[in-house]
Amino acid sequence: MLFTRPTDEVLYDALVARDPAYDGFAYVCVTSTRIFCRLSCPARKPKPENCIFQDNVAACLEAGYRPCKRCRPLLKYKDQDPTVSALLDALEKEPARRWREDDLKAAGYDLSTVRRAFKRQFGMSFLEMARLRRIGQAAELLSEGGRVIDAQLDAGFESGSGFRAAINALIGEAPAGLRGKTLLKADWIETPLGPMMAIVDDHALHLLEFADRPALPNEIRRLKETSRMAIASGRTAVTEMLAAALDRYFSGENSGFDVRIAGHGTAFERDVWAALQAIPAGETTSYSELAGRIGRHSAVRAVARANGANRIAILIPCHRVLGADGSLTGYGGGLWRKRWLIEHERRMAGSRETSATR
């Protein structure tokens, strides 16, 4: 599982080489244009720092990216289902249209056939794909300070209540509440251990978790509640700084992080998290030792709960805590990742010691 996914460097090399072997295996989302492409796209290549690689079309659309008009990543090169081709052409001509089942019936399509064809190729229905295109455009307009009614009409919603419900589902807040309001920005960062979700503002990191962590949806919900801020797809300078720091970390060049972390949690939790950050890379501790570090020797269970409440993976290194007997204990990102991180940091520490003695 660890080595099945190519690194961003490998995927970027494939993008520059226009390697058709990666078509359908990965897609590149370009942050500067908000467009996603095949890796074999003939268009001018973006800078590495402007590239986010996704496994499938659904992930690209859900992140708010539009399909490239040159390489047309929604279409297969061969044996394209004529129903899929025709509907994708229609969607490309009218991306803001609010498609309904009645529209498909009126055009002579069988609903179950359309649903199966799109699910098989994209993992989502045609109506779901059309909805993501509309909402992504509307959310972008709102975040730029546009009027609610303009965004509503651009998204193709005749009903104001229907539009508000759709935006609520995407970013958790009514459109009127977005006007003039700073949003938290969420985006994916690819790592050798799988994609991580990073949620930031213009100044600090609020959440960093592996995408397949079971508790991630609840953590996002709690973040919305505690911060009282909406979350939209996007990146800030903090995201770029974090991505660069993680790249150095995973390459073994640097185990330190200079990314500012937002001040969430109780005073006790922040004490525990600060103690975690004070553990040198390459070393581990136990819950009881961690409790001793903050002068709360009898609060071992509370320390364990605070450790589990941490939602900044790697930077606040809860993976460095082991059981009293030295065994691996629970880790939200999976025990295999915990073992990998500990071994990786031990190698980094060993490499630094070797270099220092030369």
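The values are calculated or read from the model by the stated rules, or taken from the named source; none is laboratory data. Everything quoted here is computed from the prediction, not taken from an experiment. When we count neighbours, we look across all protein chains shown, and the Cβ atoms used for this are built from the backbone with ideal geometry, even at glycine.
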### Message
So in the stretch 187-243, with the set limited to residues that are over 23 Å from residue 27 (Cα atoms) and β-branched (Val, Ile, Thr), which one is surrounded by the most Cβ atoms within 10 Å (Cβ to Cβ)?
### Response
200
### Residue under evaluation residue 256, criteria (1) more than 27 Å from residue 53 (Cβ to Cβ); (2) of a type outside the set (Asp, Glu); (3) surrounded by fewer than 16 Cβ atoms within 10 Å (Cβ to Cβ), criterion not met
(1)
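Table: residues versus (1) among the hydrophobic types (A, V, I, L, M, F, W, C); (2) modelled with pLDDT of 85 or more; (3) in the same structural domain as residue 8 (by TED's automatic domain parsing).
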site: 53; (1), (2), (3): yes, yes, yes
site: 61; (1), (2), (3): yes, no, yes
site: 64; (1), (2), (3): no, no, yes
site: 82; (1), (2), (3): no, no, no
site: 91; (1), (2), (3): yes, no, no
site: 102; (1), (2), (3): no, yes, no
site: 115; (1), (2), (3): no, yes, no
site: 119; (1), (2), (3): no, no, no
site: 136; (1), (2), (3): no, no, no
### Query
What pairs can you find where one residue is in the stretch 45-60 and over 15 Å from residue 126 (Cα atoms), the other is β-branched (Val, Ile, Thr) and loosely packed, with under 15 Cβ neighbours inside 10 Å, and their Cβ atoms are less than 6 Å apart, with a gap of 6+ or different chains?
45/16
### Members of the stretch 284-318 that are of a type in the set (Ser, Thr, Tyr) and assigned to a helix (DSSP H, G or I)
287, 288
### Message
Where the second residue is in a helix (DSSP H, G or I) and the first is under 21 Å from residue 251 (Cα atoms) and lies in the stretch 328-350, which pairs have Cβ atoms under 6 Å and are six or more apart or on separate chains?
### Response
338/319; 341/319
### Message
It is to be established whether one or more residues within the stretch 34-43 are under 23 Å from residue 95 (Cβ atoms) and at pLDDT below 85.
### Response
yes
### Message
Given the condition among the aromatic types (Phe, Trp, Tyr), assigned by TED's automatic domain parsing to the domain that holds residue 345, assigned to a helix (DSSP H, G or I) and within 19 Å of residue 194 (Cβ to Cβ), answer yes or no: does some residue in the stretch 265-283 qualify?
### Response
no
### Query
On the given criteria, is residue 261 surrounded by 14 or more Cβ atoms within 10 Å (Cβ to Cβ), under 28 Å from residue 294 (Cα atoms) and out of contact with any Gly (no Cβ under 6 Å at 6 or more places or on another chain)?
yes
### Query
Can you find a residue in the stretch 280-303 that is touching a residue at least 24 places away in the same chain (Cβ under 8 Å) and within 20 Å of the chain's Cα centre (by Cα)?
no
### Message
As an exercise: evaluate residue 283 against (1) surrounded by 15 or more Cβ atoms within 10 Å (Cβ to Cβ); (2) at pLDDT 90 or above and give the number of the one condition it does not meet.
### Response
(1)
## Note on the structure
Only unsatisfied item for residue 76, checking (1) touching a Leu at 6+ places or on another chain (Cβ under 7 Å); (2) modelled with pLDDT under 80, is (1)
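Just give me the residues in the stretch 86-116 being in a helix (DSSP H, G or I) and touching a Phe, Trp or Tyr at 6+ places or on another chain (Cβ under 8 Å), in sequence order. Please lay out each step first, then the result.
Within the stretch 86-116, the subset in a helix (DSSP H, G or I) is 86-93, 101-106, 111-116.
Passing the criteria: 87, 91, 104, 114, 115.
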### Message
Please list, ordered by residue number, the helices (runs of 4 or more DSSP H) wholly in the stretch 157-264 having 3 or more residues that are at negative phi and either among the acidic types (Asp, Glu) or at pLDDT 70 or above (or both).
### Response
216-227, 237-251
### Task
Inspect the stretch 19-36 for any residue being under 20 Å from residue 195 (Cβ atoms) and part of a helix (DSSP H, G or I) and give the result as yes or no.
yes
